[in-house]
Structure formats: structure tokens, C-alpha cells
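Report on the following structure.
The values are calculated or read from the model by the stated rules, or taken from the named source; none is laboratory data. All figures in this text were calculated on a predicted structure; none of them were measured in a lab. When we count neighbours, we look across all protein chains shown, and the Cβ atoms used for this are built from the backbone with ideal geometry, even at glycine.
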Amino acid sequence: MEPVPMEDITLLNMNVMALSLKQDEIMQQETSPLCAVDIEEVIKKQFAYLSGGRGKDGCPIITFPEYPTFGEIQEKEIHDVLTYLTSIPSLQAAGVGFILIIDRRQDKWTSVKGTLLRIAGSFPGNLQLILVLRPTGLFQRALSDLIFRFNKDEFKMKVPIIMLSSVTELHSYIDRTQLTQELGGTLEYCHDEWLSHRTAIEGFALMVKKTAQMLQSFGTELAETELPNDVQATTSLLEVHTEKKEKMKEDLRRALTQGHGLLESINEPIRKDPDYTLNQDELENLATVERLLGQLNETETAFDEFWDKHQSKLEQCLQLRHFEQNFREIKVPLDLATERLAAFTDPGNCTTQVEHILRDLSSHEEKTCEVLDQAKDLASEGDQLIQNNHYAVDSILPKCNELRRVTEDLASEMQLRKAFLHRCLELHQSLEKAAQWCDEGIYLLASQPVDKCQSQDGAQSALQEIERFLEAAADNKLHDLDTITSDYETILNQEFSEHVLKVLQKQEGMQEMFEKRRVSLKKLAAKQTRPVQPVAPRPEAFSKSPHSSPGLRRGSVNTFSPDKDALCRLNYRKGECNVSRTESMSEEEENLSVLRRHVMNELIETERAYVEELLCVLEGYAAEMDNPVMMHLIPAALQNKKEILFGNMTEIYQFHNRIFLRELENYIHYPELVGRCFLERELLKYSKNCDGSEDLQEALTAILGILKAVNDSMHLIAITGYDGNLNDLGKLLMQGSFNVWTEHKKGHSKVKDLARFKPMQRHLFLHQKALLFCKKREENGEGYEKAPSYSFKHYLNMSAVGITENAKGDYKKFEIWCNAREEVYIVQAPTPEIKTAWVNEIRKVLTGQLNAYRVWGKASQSLDASEENDGYSSAEDPLNSSDAEEEAAGKKLSPGKYTVVAEYDKGNTDDLTVKSGEMVQLIREGEDGQWYVKNLNTSKEGWVSATNLLTMIGDSKSSLSLCSSGWGRTLTLLYSPTLQEVNVTVIDRETCNSKDYYNHDPTITEDLLCACNKTGGGDTCHGDSGGPLVCKGIFRGIVSGGEGCGLAKKPGIYVNLNKKYVTWIKEKIRRHNHREESGNQV
């Protein structure tokens, strides 16, 4: 962790302290803790005010106007107002002393006396002079003169008190321009406006102080912040600090805006009347606000400079953390490569084994070269950071040096290992040649016929054969042991040395055999001997065919390995590649330089053309609008509107012609520095509240959507292995790569497809109707041939999908599941933002399905109940027949068509047999509650009792339908927290088994029934299995299964509680009750 240097905030703290001192000077906190807002109601009484006038010595004037109820004002109110008024002028003006003007012309002497006494007891400042306009009445004037003359000392004033008889006498002491109109002066004074200004100034000063405190607190916080040690924390810290900085800037801008508004308010009289002159108090207010604004601007500049340094520090810290993370990541393969290279120390047992080791080393070298290139690039990146004056040079430089050392050592060690193995290969080839020569020599000695060698010619021929063989052995024989040990000392270990020694011993033994045979043959060839039958093995015992000799087979092996040649060719190509790479890099640099020059020329030429066109407009149009000769050509609506038409175009022209164009031309040879021209000049200030900003945002969103759709479609066309039509899956909403774990529920246990810590890499495509899982495959090649492809694995139907937004262990994971969590896919996104986007999009799809179901539900409820009950609910025999009989009592039937909801077995030959789901027509009513009925499915007719008929058809002609309930899955929840209910209708078995429906997979038998709506919609779902299917309170069926939930032409499948099941259930209940009764008896 690294602290932020304290010197970076020195300038900021100095400006903040100066700003605080300015605010304290305005508020006079040391002498007057009062603010206008604190005593606003008392000041509004206006029994004393500071008009802004000044005496001869610059003494501030406080005026006490006519106020008949002055005696009723409390002492504290008088003291607070006088304390506040004396705190407003500057310290220098207040030090000279105040002049009090007391107007009591319409009052009595007692009021004058009371006013003076209360002022003497409450005035907190220095007094220079007190001027009293005494009462104008004759009696009151005489009385005041007499009493004041004899009671002057009673007031205990250290300053003169002058009694004035008229305003004219007042003008001899105070200039008329410093007096208000009530006192015969010309000074304009509005008490409400004065109070508004004071409140605004003090509010502005308070805001400035708070802003200064926030800046100081923010600077301290930044100074005490330690730089994080990882990328994520550094990124988060940079975002947090940037957000706080923007808030600080917003507070500064708000304060500046308020200050400028206050300035405009103070200067408003001048704006209305240019001859108006501000009084002294207004001038002081103006100066105060201007000083505060100036200090705020300086503080903002200092804050910007400080933030630039701090932001640069954080960005450098982020660069450092990325560099350190990449360093740690690259160290792992480097260490593995070094460890793997250390394994190539085996000299091998033969040439074939060494060649195999060399091939492995070449493969390892190719992989290592990629890692070495990455390490070199990272070292270059570190050098670039150092060149950019990064603050952490002491941390970056050792890592760069270590990367270079490791790469150099690894490359050097790689070459040493290759040289070692080549030396081993060379020695093994020499040993094999020597061994092969020995084998060939043994074959030669064994193949020479002994009988022929007994003659002089035969011996001579055999001797020549041996001589030729020995002459050719120079290239195959080994040198002495000392020479071999000296030449191959670096590769010889104990085992290898023993192998060399064995071959040398074999070679020496072979040479001794040849020498003995040669001596013998020389003796035979030198003298004539009588023929003697040699005692020796038969020559036929030895094979004369060279192809049958193991030694010759071994000699036929090519000692120049094709793999070795391939390795040489590979190294040669690498050399050519390096040369071509250097040449291409030079060409790229040259092309880049040409492009830069082209861009600079284009930029400068465009700017010149812009300047020329501006000048053309100004001279050809703007200047001609002032030409009287051209006046008749200008429409009346445009006359005298030059400023509106052309605005500040002249200033724009001057800026581009004199400043911006020249700066661009100065950087013509330095294109990398041209950005300074744009950064140093603020050409355009963007405002979020400007006209058309919303349209621009909509356009930007639309363009980004188009780009996303195009990008997604490029990935979509790369899917392979999908048999269906991708267009049938609906619009592609999102696509991206994720880590995926899968879980399958088997019984009460969960089984994962892969190990916990080994996820599958899958590329997901989210459509409106399905979610596709694909495997991304990188292709080799150039250009479009290098684009990845996606192998289709499987897909999930969105109508059967649920999501869990947060998975345990990682905030970037979420779950996608189906079939009541029998299949769970744990998906890990690269970032939390991507996870949030996918979860939101999947939620939108599921919510859209829910809304569609709701719309369908409303539409289905509005259908006419009188339609032939084509899909009405059905179940079979009730559990308790007495319930049905009670329900049937009191109900009347009428002729018409009905749907059978319960089976009926005929009791006699005239009775009619019907099955659930069939359509019957009631023709006529007979005696004893019998109805003559026609089965429209079989065209058979017969009698059925009214009681059984009500059980069979229920209320199938009314709006009543079957109902199922449960706590199963809804559109957005795995299990519902409340009991849900859904109305369904029966689909006849023939329809349900048809090709458009279940197509006999499974076959809907008489023990089953299917119920839903033919167009899809509400249905039972996962978690509802075992739930009831009820009609008018009678148990008709049990929820069993189905394909999906609420799909069109995929109705739910229920167990049909027919007579067989009812009998079985009743028997189970009877036995259970019997056991309980038996237990109770025991």
C-alpha cells in the first residue's frame, strides 16, 4: 500500500484556508455571532437601519426613523439589531465610529429621552456623533431645549448629542447625497432589498465556507488514502474518487453560480440606470462577493491541478497493478518452461531415443517462444511506464530486469540443451557406427572359407579382403578413451561412459581378431604348404547372404535422421522469419509515418478551408448587410438582425485564423503532440440540458442497438451443428462466453457433470424462445478464416426455464434451471455487470411470457360458454357417489349437446355406454327420471338415468370448468409461496393422441386424461404433481405430467380417477380404518 504524497494537496489547502478566512471576515464571527436570517423578523420592523450613507470622515450612518412604538421594543431586540448593524461595515469604517441620526419630529420629548437612554445602554460600537431631529411642536421643542440643557449629563454619552430643529440643519452636518429621501437626501434605500442582499451575501458566504470545508476534507481523505494492491480495488478506488470529485466540482459550480447571481442582483440598479451610483455599503458588498468569487475560481483551479495529479497517480497505480498482475501471470509459464527444460538432461541410450528427445525439445521450444515473446512485450511495457515518468520505477525496473534475465537464461539454456542433445546424438551415432563395424568385421571373419585359405592364392585373396575392410574402417572406428572423454566430457555420465567403454573394448577385441587373422594369412600366403585337410567348421554353416546378417541390417540404417533435417530446416525458416519480421516492422513503421503525415495534412487543409469559408461568409454576407446599396436585397424580416444571424462568427474566425490554425501548423512535424491544440482550447462545452440532447441520446441508443444486433448476427451465423431453423427461436437478444457448471438431480441426490473446479467453456445465445449452449472453437488462418465457430451442444426452451439471480460462492454467478431443478446450469459471467445484464434480459423474457399468459387468460374467459363445450373439463367417477347424488338433487336437465366428464357402464341392454370426453345429445326425457341419449361419437342411442346423467355431464353446458391447485412453479418462481389455482378444460383422448398433440408419446389411455386449452396458457407445472383435479368439489383426477407448462397443443396429463382407481382407493381407506380400529381395541 502506498500513501498519496502530502505535497500534492499543499496548494489546495492554502486556497481553502484563504477562502475560509474570507468567509470569516464577512461573517465577523469573532465579534458578531448573528446573521440576518437569525433576526430577520426584528430587522423587518425597521426601527433602525444602515442606509449606506457616510459622514465626512467616512463614518457609517445608522438611521432611527420615526417609530411611534419604539418604546415597546424589547431591549434584546434593540441590542441584537444594533449589534448586527455595527458588524456590517468594514473594520476600518467601524473603527472611526458611527453617526446616529434619530428622527423624532413627530414624537414627544419623552420619546426622545427614552430613545437616547436605550441607545446608550445597547449600542455596542464606537460613536462619533448623535444627531437628533427633535419634535417640531412649539411646546415640545421648548420643553426639549430646556430639559436637554439641564439633564444633558443624564444620558452618559461620551460623544456630542446635537439637537436639530429641521432637516436643513441636518444637511449642514451630513451631505444630502448620504441621506435618504425621508431626511431630505437623494440616497435611494429599500429596506426589503437591503435585507435580501444581506441574507443572500451571508448565505453565499456560508456556502463558500461549507465548500471550503468539503474541499479540505476531501483533500485530507485523498492524502490519507493508501493505494490498493490489486487491479479491482484500484479500479474501484479510482471510480469512487472520480465520483466524489465530480460532486465537489458540482458544489463549486453551484457556489460560483450563486455568486454570479448575487453580483447581478447588486449591479441591477446600474443595469437599469447607468447613471446610478452604488453607495458605500453596496460597494463593499460588491467587493466582498467579487473577492469570494475570485478566491473560488483560484480554489477551483488549484483543485483541478490537484485532481489531475491525484488522478494521474491513481491511473499510474492502475497501470502498475496491471503490470504486476501480468508479471505474476507470465511468471507461471516461465517457471514451468524452466522446470520442463530441466528434464531434458538424459543423454539417451541410442540414436532413436535421442532423436525422440530432440523432437520433444523442439516442440517445447515452440511453446516457450510464445511465452518468451509475451515476457519481452511485458518488459517493453514496463520500460514504457518508466519512460513516462511512472512513480513506481523502483518496483517496475527490477521486474523488467528479472523478465529479461529469465528470458535470456531460458533462451540460453534452451540452446545449451539443444547443443547437449546434438552432442549426445553425435556420440551415439559414432558408437553405433563402431558397433556396426565390429559386427560387419565378425561377419567377414566368419564368412571367409577356411579350405580356400589353405592355398596361397586363397590366403592372399582373404588377406586383401581384410586389408580393404581395415582401410575403410577409419571413418567408423572410435578414437581412444582419453580423446572421447576429452571431447564429450560435458555429456558423459557413468552409464554413458560404461557404454562407451564396452564399445571400445569390443572394437579392440575386433582389432585383435583381425590382426591374428592377418598374421596367419600372411604366413599362408608367403610359403607353399602341402595340402592338409583343415580341421575347421564347415563354411556352409555361415550364411553368405549379406541380407541375412544382423550386422549388415544394422548397417543399412540411415544415420542421418529426417527429424534432424527437419529441425535444421525449421531453424533456417525461423531465421528467415526473423529477417522478414524485421523488414515488415520497418515497412509498417514507414507506412504508419506516411499515414500520420497524410492525416496531419488533411487536418491542416481542412482547417484552412474552414477559415477561408468563414472569411467568405463574413465578407460576402455579414459585411454586406451594412452596405446601403445592398439593403434592398435583404428581406424586411432580416434587416437589422445581423447579430442574430451571425452571432459571434467574427470571434470564431479570429480564433481559428490567428490561434488554432497556427498552432496546428506548428505541430505538422510532430503529429503525436497535435492533441495539445484541442486540449488547451475549449472549443465546445456540452450541456445535458441543451435542446435536442434527448434526441441525440435516443439516436445514440439506436445506433448502439444496431451495432449490437450486427455484432450478434456475426456470431449467430457461425453456429454449426444445429439441425433446426434459428429464425424459429425468435430474435437474438444477447450472446456471450461464460463458465458453466451443470447439475442433474437423480432421485434425492445431485450429480455434477464435471468436477467442481473445472467448468465448461460455453458460448450462450439468448433468443426469445430458447437459450442455446455452444462451444467456441478458435480457427487458424488469416482474416475471416480466423473467426471463431460455435459448435451447438443443446438448448433450453424459455417456456420451461427459471432463474436464480444469485448463486453461492461468487457474485458473478447465477443459475438457470428447468424441470423443477432437475437440471441446473450454474453460469459464471466475466463481470458483475454482464451478469446483471443477462439476468435482467432473461427476466424480461419471462415477464413477457407471463403478460402473454395473462392476456390469453382474459381472452379465454370471454369465450361464449354456449359453444358445444368442445374443450370443457372432464374427470371420471367421483370418490363418493352420495356426493354426486346430493349434488344432482334439485337440478333439471334440458335437451342439447353435452360433453361427458365421467364414464358410465350400462346396467341393462337398453342402457347406453359412454366414455369420458365423448359428446352426447339429450333427445327426450322419459319416465322414472330416464333420458334418451345419443352418443354423437358412436352414433349409438340408449337410456340413461337422470342421476347418472348429471354425474356424467356435470354442468358441462354452463361456464363451469375443472380446477387444479398447488404450490408449483410459476413463470418467475421455483415454488409459489401461496396456493395457486388454475381452471383447465378436458381435451378428448383422440385429439390428445393425434400427431399435432402428443402423437402417442405417451399414449393417453382410459386411465389418463389431458386437460388445458388448445391454444396454450394456464396449466399445472413442476411442483404440482400429485395435486387434485376438482369439478364442483368432487375429486376427478391427479396431476401427473406433461411437456413444458402451458404450451399450445401440449396439455397437462392427469390420472383419471375412474371406477378402477376409486375402488382401489376406497379399499385402501377401508383397510387403513380397519387397522386403526384394531389398534384401538388392542
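Mind checking which residues of the stretch 705-722 are at pLDDT 85 or above and exposed (fewer than 14 other Cβ atoms within 10 Å of the Cβ)? Across the stretch 705-722, the qualifying residues are 720, 721. When we screen 9, 73 for residues that are modelled with pLDDT of 55 or more and at negative phi, the only hit is 73.
Take the residues of the stretch 268-284 that are of a type outside the set (Asp, Glu) and surrounded by 15 or more Cβ atoms within 10 Å (Cβ to Cβ): which is nearest to the chain's Cα centre (by Cα)? If you could, list the steps in order and put the result at the bottom.
Initial filter on the stretch 268-284 (of a type outside the set (Asp, Glu)): 269-272, 274, 276-280, 283.
From the residues that got through so far, the ones that are surrounded by 15 or more Cβ atoms within 10 Å (Cβ to Cβ) too are 269, 278-280.
Numbers: 269: 55, 278: 58, 279: 60, 280: 59 Å.
The selected residue is 269.
Selection of the stretch 369-388 for residues being farther than 12 Å from residue 319 by Cβ and polar (S, T, N, Q) yields 374, 380, 387. Against the criterion of being surrounded by fewer than 12 Cβ atoms within 10 Å (Cβ to Cβ), over 29 Å from the mean Cα position of the chain (by Cα), modelled with pLDDT under 65 and at negative phi, residue 785 qualifies.
Could you please find all residues in the stretch 1048-1059 being hydrophobic (A, V, I, L, M, F, W, C) and surrounded by fewer than 17 Cβ atoms within 10 Å (Cβ to Cβ)?
Pass one, the stretch 1048-1059, residues hydrophobic (A, V, I, L, M, F, W, C): 1048, 1053, 1055, 1057.
Residue satisfying the conditions is 1048 alone.
From the list 376, 331, 313, 367, the one residue that fits, being within 30 Å of residue 253 (Cβ to Cβ) and among the basic types (Lys, Arg), is 313. Per this entry, residue 264 is not counted among residues that are in the same structural domain as residue 212 (by TED's automatic domain parsing), out of contact with any Pro (no Cβ under 7 Å at 6 or more places or on another chain) and either over 15 Å from residue 289 (Cβ atoms) or modelled with pLDDT of 85 or more (or both).
The lone criterion from (1) within 41 Å of the chain's Cα centre (by Cα); (2) at pLDDT 85 or above; (3) acidic (Asp, Glu) left unmet by residue 300 is number (2).
Here residue 332 passes the criteria (1) among the aliphatic types (A, V, I, L, M); (2) farther than 30 Å from residue 430 by Cβ; (3) in contact (Cβ under 8 Å) with a residue 24 or more places away in the chain except the one numbered (3).
Here's a check for you: in the stretch 334-378, which residue that is among the polar types (S, T, N, Q) and part of a helix (DSSP H, G or I) is surrounded by the fewest Cβ atoms within 10 Å (Cβ to Cβ)?
In the first step, residues of the stretch 334-378 are kept if they are among the polar types (S, T, N, Q); the result is 338, 345, 349, 351-353, 362-363, 368, 374.
Then drop every residue that is not part of a helix (DSSP H, G or I), which leaves 338, 351-353, 362-363, 368, 374.
Numbers: 338: 15, 351: 21, 352: 14, 353: 15, 362: 15, 363: 10, 368: 22, 374: 17.
Out of the qualifying residues, it is 363.
Screening the candidates 237, 263 for the property of being surrounded by 14 or more Cβ atoms within 10 Å (Cβ to Cβ) and under 26 Å from residue 275 (Cα atoms) yields one hit, 263. Just to be sure, is residue 897 at pLDDT below 70 and of a type in the set (Lys, Arg)? No. Looking across 925, 941, 918, one residue alone is of a type outside the set (S, T, N, Q), over 30 Å from residue 817 (Cβ atoms) and at pLDDT 80 or above. It is 941.
Selection of helices (runs of 4 or more DSSP H) fully inside the stretch 97-183 by the criterion of at least 2 residues being modelled with pLDDT under 85 returns 109-122, 138-150.
Working only within the stretch 209-234, note down all residues that are small (Gly, Ala, Ser) and surrounded by fewer than 16 Cβ atoms within 10 Å (Cβ to Cβ). Steps first, please.
Applying the first criterion (small (Gly, Ala, Ser)) to the stretch 209-234 yields 212, 217, 219, 223, 233.
Those that are small (Gly, Ala, Ser) and surrounded by fewer than 16 Cβ atoms within 10 Å (Cβ to Cβ): 217, 233.
Within the stretch 420-443, restricting attention to residues that are crowded, with 19+ Cβ neighbours inside 10 Å and of a type in the set (A, V, I, L, M), the residue that is farthest from residue 511 (Cα to Cα) is 421.
Can you pull out every residue in the stretch 1017-1040 that is part of a strand (DSSP E or B) and either touching a residue at least 24 places away in the same chain (Cβ under 8 Å) or surrounded by 24 or more Cβ atoms within 10 Å (Cβ to Cβ) (or both)?
The initial filter retains those residues of the stretch 1017-1040 that are part of a strand (DSSP E or B), namely 1028-1031, 1034-1040.
Listed by number, the residues that qualify are 1028, 1029, 1030, 1031, 1034, 1035, 1036, 1037, 1039, 1040.
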